[in-house]
1. In the chain, what % of DSSP beta bridges are antiparallel (nearest 5)?
2. Counting only Cα, what are the radius of gyration and maximum Cα-Cα distance Dmax of segment 714-764, in Å?
3. Ordered by packing density, taken as the mean number of other Cβ atoms within 10 Å over each peptide's residues, highest first, how do 688-695, 531-538 rank?
4. In what sequence, largest accessible area first, do 141, 172, 738 appear using a 1.4 Å probe?
5. Go from 0 up to the bin containing the longest alpha carbon distance in segment 632-736, width 5 Å each, and give me the % of pairs per bin.
6. Using Cα pairs under 8 angstrom and six or more residues apart, how large is the relative contact order of the chain, in percent?
7. Is any residue of segment 184-205 close enough, with backbone N under 16 Å, to a label point placed 7 angstrom from the Cα of residue 230 along the Cα-Cβ axis, and if so, which?
8. When N counts the residues of segment 321-474, how does its alpha-carbon radius of gyration compare numerically with 2.2 N^0.38 Å, as a ratio?
Amino acid sequence: MLRIIIFLLIVFSNLFISVNAQENTNTFSPVDWVNPLMGTDSDHSLSNGNTYPAIAMPWGMNFWTPQTGKMGDGWAYTYDATRIKGFKQTHQPSPWMNDYGQFSIMPVTGSLRFLEEDRQSWFSHKSEIVTPYYYSVYLADHNVTTEITPTERAARFRFTFPKTDSAFVVIDAFDKGSYIKILPKQKMILGYTTKNSGGVPENFKNYFVLAFDKEFEISKTFSGSALSNELEMESDHSGAVIGFKTKKGEIINVRVASSFISYEQAKLNLGEIGNLDFDAIKKKGKNAWNKELSRIKVEGGTEDQSRTFYSCLYRSLLFPRKFFEFDKDGKVVHYSPYNGEVLPGYMYTDTGFWDTFRSLFPFLNLMYPKQLGQMQEGLSNAYKESGWLPEWASPGLRNTMVGNNSASVVAEAYLKSGDAYTYDIENLYQALLHGANNEGPMTAVGRVGVEYYNRLGYVPYDVQINENAARTLEYAYDDFAIYQLGKALNKPKKVIEVYKKRSLNYKNLFDPETKLMRGKNKDGEFMSPFNPFKWGDAFTEGNSWHYSWSVFHDMQGLVDLMGGKDVFISQLDNVFDLPPIFDDSYYGGVIHEIREMQIANMGQYAHGNQPIQHMAYLYNYVGQPWKSQYWVREILDRMYFPTPDGYCGDEDNGQTSAWYVFSAMGFYPVAPATDQYVLGAPLFKKVTLQLENGNNIIINALENNSNNRYIGSLRCNDKLYAKNWLSHSELMKGVILDFNMVAEPNIKRGIKASDFPYSLSTSE
């Protein structure tokens, strides 16, 4: 009998363990794989991402970050720093663009210290908890633990103080014009900051409100370094200090919100917190991130691969950020960063299309088209309010980078979603025509050199327009995007044929002698002397070896110019085989992008910058897809890690992250304004994509491992599939892709011209 009882106990025990193991297995929380510190070990001379830990909601209007850099420093948080100066509300898209609308909060104990250098505290990563939805750190000099959990436009802070009669909280509204007011009876502080880095109207302000749950025993303001007993301060650099007596372990809670519209709107935005306590907001934030991240489930990779994937996916869901709010009636309104008015409708900002048209926006088109529909409405509003589409918005028009790549962003969204989302596509089409045929109010808006481009078919090298070859190549692809959109909208053939013809302007810069793209003078002669290893000059943050592949829409046309497939393949091989030599004379020194190429040990391939990021996929256009499979896996394995030095250059608003996400799934949008993705090979054994329309894409690669990186065969919905590309429209119907991964290249698959991806020269 005893044996039977023991046997039954063992059975039930094992059953209990099995059930619980099943429950744990079924609990999918991808946010736990995210490392917001990935890419933070960077500085201006070498970028391993140039990121900061963004404590935020997906596409949230406000981010929060611990501040280790000085006020106004674009490198707000760096992993090698040892002291924290405050906890900053930030809207910074990159250190090169810097910040706007920022202010900070800092707990202090002991003597009343409010200046950055005085109030800062030592901290350790060992006592730092960093997730997208929650941040905690121990401030050693003050014996205070700070915790933050955000909503889209508000946040909760929780400060755990020691026993002291000298506990303080400093609110720093920063310099360049700020205001603060203490309301002791309401336990509130109001203020605004105007600090920005450009791209704002004259009336720009970020209004903020802080609500505490403890009475103030000390209330002071400061202007610069001067402390005052006044409860209100308006100056170049304003701030406030409030003080308390605290017991050991006493928690002071602060609710914070801001608005670009008014104090009243900031108080409305505080309603995002409502009556929810800190832990409830934290849980809500975790659920929000898991909802978005769970749309893609990867299985069968290493721990590092999974951490890298979800860390990159997190970065792909931050920008462009929401720049709209909800008024008292729940209607969507925004402060216009273009004309300074408060207007109805959506607005998004903080993205540079030169970077993000390549893979971030294609990723949003695939996985988050509803969100992208709002972004398109925001672009339509931007055109109404400024007369131009932004090419780099932060928050309004910024004068940086080249190209007219809003054309790709606008065209792709409509080509892939059509009328599924409500926005004024006709207004956007007119915006594209306007931008394509006019110089803007700054060189990064519209098309600088447009008169030359439209008349000669290129922007000349010798007319004092910098980066002219890069502009020509990007304008040509942008013209293709306009042509594609015009066709989809049934515009007159006479009109759209102009853009089709201009999309072939890339041919005007091809040098048959070097078989590379080369700047050309206005008399039709190529610029001389020519050094294909020279960075900048005719190109943008790269050299001719990088930009010669910027013919996204007509790779067969480029193959023909080079003299056929063999020469094209040889030139592709050269990119990886050449030594990483460079000429930095245009810049007068080694810029960080050059250094990142030099140290990567991948020849002239410079994955740390955008112009060449599609290049590894181009073997698919000439019948050697196995080389794409090899090199994409090399880049995935060698250039990305879930660590503070985990990127190989600037992360750039989700672009470099979205490259990883796409490539790990096994395909990439070489030409976004087409229906096609070009194949690489998946990194994981299984990937499941839950599309917004309810369909699923299931990618199986059961034999996948570090040795089996090549596609032996591919079945699409159980039918053998030989092509080197996938159709967006077919993927959206739901599909099962079964990859047979092998250790040796299959040199018989994908070698026919009918297997090659889209090229304008052969498709029409």
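The values are calculated or read from the model by the stated rules, or taken from the named source; none is laboratory data. These numbers come from a predicted model, not from an experiment. Note that we place each Cβ from the backbone using ideal geometry, even for glycine, and neighbour counts take in every protein chain shown. Protein only, heavy atoms only, side chains kept; ligands, DNA and RNA dropped before computing areas. Shrake-Rupley method; radii C 1.70, N 1.55, O 1.52, S 1.80 Å.
1. Roughly 95 percent of the beta bridges in the chain run antiparallel, per DSSP.
2. 12.6, 37
3. 531-538, 688-695
4. 141, 738, 172
5. For segment 632-736, the binned pair fractions read 2, 11, 20, 24, 20, 13, 7, 2, 0 percent.
6. Relative CO of the chain lands at 12 percent.
7. So the set is 190-192.
8. Details: Rg = 15.8 Å, N = 154, 2.2 N^0.38 = 14.9 Å.
Ratio of Rg to 2.2 N^0.38 Å for segment 321-474: 1.06.
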